[in-house]
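For reference, the structure discussed in these notes is given below.
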Amino acid sequence: MFNDFNLSEETLKAIREKGFEKPTPIQEKAIPLLLEGKDLVGQAQTGTGKTAAFGIPVVERVNPKEGTIQALILVPTRELAIQVAKEIKDLGKYRRVKVLAVYGGKPIFGQIDLLKRIRPQVVVGTPGRVKDLIERGILDLSKVKIFVLDEADRMLDMGFIEDIEFIFSQTPEEKQTLLFSATLPPEIRDVIRRFLKEDHAEVRIEPEKPTVEKIRQKIYRVGDRKLFETFLAKLEETPFRKGIVFTQTKREADWLADRLKEAGFNAEAIHGDYSQNRREWVLRNFRKGNIDLLVATDVAARGLDIKGLDAVFNYRLPQDAESYIHRIGRTGRAGKEGLALSFSSDAEDDRLQRVKKLAGDTFEFVNLSDRPLERGKKNSKPRRGFGNRKFPKRGFGRKRDNFNSFGSRFKGENPFGD
Ligand code: AMP
């Protein structure tokens with residue numbers, strides 16, 4: 001229980017208000033060590049509660065009465081900066097801890113102004129922007145007590161190591177350093193050796209299963225003209241409470257949301273052409289459960305932390321397979337099983353091929369199109385020459401007339417009730 005950690009009443013109240021009932025495994029292990037002041041390496045992925053694992057000790061250990069930066073958290077992306085800052089702000093609310101996110105892609109002057117006005121104790125930032133602010137003489141790190149590298153492997157992949165070294169050199173020698181990373185390759189081990197105390201603690205949380213394994217996936221290949229009709233029919237027979245439908249374009253999102261409303265669904269589109277007010281209204285109502293289906297493009301959905309999604313629908317498969325994994329990963333969180341239904345136009349078989357290559361046989365495939373499935377070509381014109389070699393015997397090249405056989409994982413189970 002959180003009560004066992006010896007936390008202040010203010011922080012316990014904030015934790016209760018967030019609805020956290022008991023600590024996640026990483027919190028269980030990391031919080032006591034961090035409250036003691038230990039350096040720590042946490043091997044854990046997003047979704048394990050790692051933000052609160054360092055956020056709770058951070059809000060407990062900074063002194064809100066002093067307007068100096070006492071905790072600096074570096075993260076790889078702007079979305080993460082916003083998300084982490086929000087979580088820490090929530091946790092530190094009753095202790096009156098001030099938190100600010102600083103990141104690139106936005107004019108620096110507004111952030112400089114906020115830094116001066118708010119005088120935060122906690123800064124969450126991307127390495128490039130933090131370095132820039134230090135060089136301008138705006139960010140004074142001489143009072144930093146806690147230095148956190150979050151998603152360290154991603155930051156290194158993004159080439160931030162020199163910025164991180166510079167930022168680290170601006171912090172006091174005596175401080176607590178934490179590093180969180182999903183993986184610990186040799187480059188990260190090297191960073192740990194250089195930045196953390198030798199007697200640091202290490203906490204490792206094994207992901208239960210790769211997320212996609214917990215998601216029941218089904219992909220329908222459909223005649224291009226039958227896309228909507230099939231989508232609607234399947235949607236109607238699928239039980240779900242809260243889902244996202246991904247579309248390719250903003251126009252398609254609007255069009256589809258309108259058609260779904262006509263069909264009696266509680267659906268709303270969300271994208272960048274709407275005003276901030278409207279976007280917030282849609283999100284608020286979706287979170288509350290007043291809207292059942294959010295119709296969005298990848299761009300609109302990026303960075304949205306929406307809980308409790310039990311289904312993801314791809315009205316079309318995305319252009320690249322990584323987006324497919326990202327999209328479906330929005331369901332099946334927190335140990336629950338998720339559902340991902342996708343529809344692939346037979347005019348876009350190349351997308352299907354790419355998803356197949358990355359997702360392997362984790363999905364069930366249903367071919368509802370009469371057009372033959374061609375291999376590795378954008379349209380369905382027959383492929384000539386040696387190009388076919390790209391698709392080896394396994395997978396798409398085999399048993400072309402019995403494509404269903406790829407969905408081996410679900411064979412006989414009929415998890416979709418159809
Ligand atoms: P993270 O791994 O930090 O990205 O956290 C994933 C999600 O779990 C976030 O939405 C957190 O607010 C939520 N969360 C963190 N700790 C707990 C907890 N102890 N109980 C329930 N939810 C939590």
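Before moving on, here are some points about what is shown:
- Residues (touching a helix residue (DSSP H, G or I) at 6+ places or on another chain (Cβ under 7 Å) and surrounded by fewer than 17 Cβ atoms within 10 Å (Cβ to Cβ)) located in the range 348-365: Lys357, Leu358, Asp361
- Restricted to the range 307-334, and to residues there that are modelled with pLDDT of 80 or more and among the aliphatic types (A, V, I, L, M), the residue that is surrounded by the most Cβ atoms within 10 Å (Cβ to Cβ) is Ile328.
- Flag for Glu87 being within 12 Å of Val122 (Cβ to Cβ), in contact (Cβ under 8 Å) with a residue 24 or more places away in the chain, away from the ligand (no atom under 14 Å from the Cβ) and acidic (Asp, Glu): no
- Matching entry among Ala85, Ala52 (being touching a Lys or Arg at 6+ places or on another chain (Cβ under 9 Å) and in a helix (DSSP H, G or I)): Ala52
- Residue that is under 27 Å from the mean Cα position of the chain (by Cα) and part of a loop (DSSP other than H, G, I, E, B), where the choices are Leu156, Leu179, Leu184: Leu184
- Some residue of the range 208-220 being under 25 Å from Ala301 (Cα atoms), in contact with a Pro (Cβ under 7 Å, 6 or more places away or on another chain) and open to solvent by 30 Å² or more (accessible area, probe 1.4 Å): yes
- Only one of the listed residues (Glu174, Glu165, Glu202) is under 30 Å from Ala101 (Cβ atoms), assigned to a loop (DSSP other than H, G, I, E, B) and either in contact with a Lys or Arg (Cβ under 9 Å, 6 or more places away or on another chain) or open to solvent by 40 Å² or more (accessible area, probe 1.4 Å) (or both). That residue is Glu174.
- Single match in Glu280, Glu268, Glu337 (criterion: surrounded by 17 or more Cβ atoms within 10 Å (Cβ to Cβ) and not small (Gly, Ala, Ser)): Glu268
- Check on Val99, closer than 29 Å to Gly329 by Cβ and more than 13 Å from the ligand (Cβ to nearest atom): yes
Table: residues versus (1) in the same structural domain as Arg129 (by TED's automatic domain parsing); (2) assigned to a strand (DSSP E or B); (3) in contact with a Gly (Cβ under 9 Å, 6 or more places away or on another chain); (4) at pLDDT below 95.
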residue: Thr11; (1), (2), (3), (4): yes, no, yes, no
residue: Lys22; (1), (2), (3), (4): yes, no, no, yes
residue: Ala101; (1), (2), (3), (4): yes, yes, yes, no
residue: Gly104; (1), (2), (3), (4): yes, no, yes, yes
residue: Ile112; (1), (2), (3), (4): yes, no, no, no
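- The residues on offer are Asp258, Asp273, Asp224, and the sole one that is at pLDDT 95 or above and surrounded by fewer than 18 Cβ atoms within 10 Å (Cβ to Cβ) is Asp258.
- Val41 being more than 26 Å from Glu198 (Cβ to Cβ) and in contact with an Asp or Glu (Cβ under 9 Å, 6 or more places away or on another chain): no
- Any hit, the range 75-84, residues being within 28 Å of Arg194 (Cβ to Cβ) and free of Cβ contacts under 8 Å to residues at least 40 places away in the same chain: no
- In the range 39-80, the residues that are more than 14 Å from the ligand (Cβ to nearest atom) and open to solvent by less than 10 Å² (accessible area, probe 1.4 Å): Asp39, Leu40, Val41, Val62, Gln70, Ala71, Leu72, Leu74
The values are calculated or read from the model by the stated rules, or taken from the named source; none is laboratory data. Please read all numbers here as calculations on a predicted model, not as lab measurements. Glycine also receives a Cβ, built like all others from the backbone with ideal geometry; neighbour counts cover every protein chain displayed. For the accessible areas, the whole protein counts, side chains as well, though only heavy atoms, and no ligand, DNA or RNA atoms are used. Shrake-Rupley method; radii C 1.70, N 1.55, O 1.52, S 1.80 Å.
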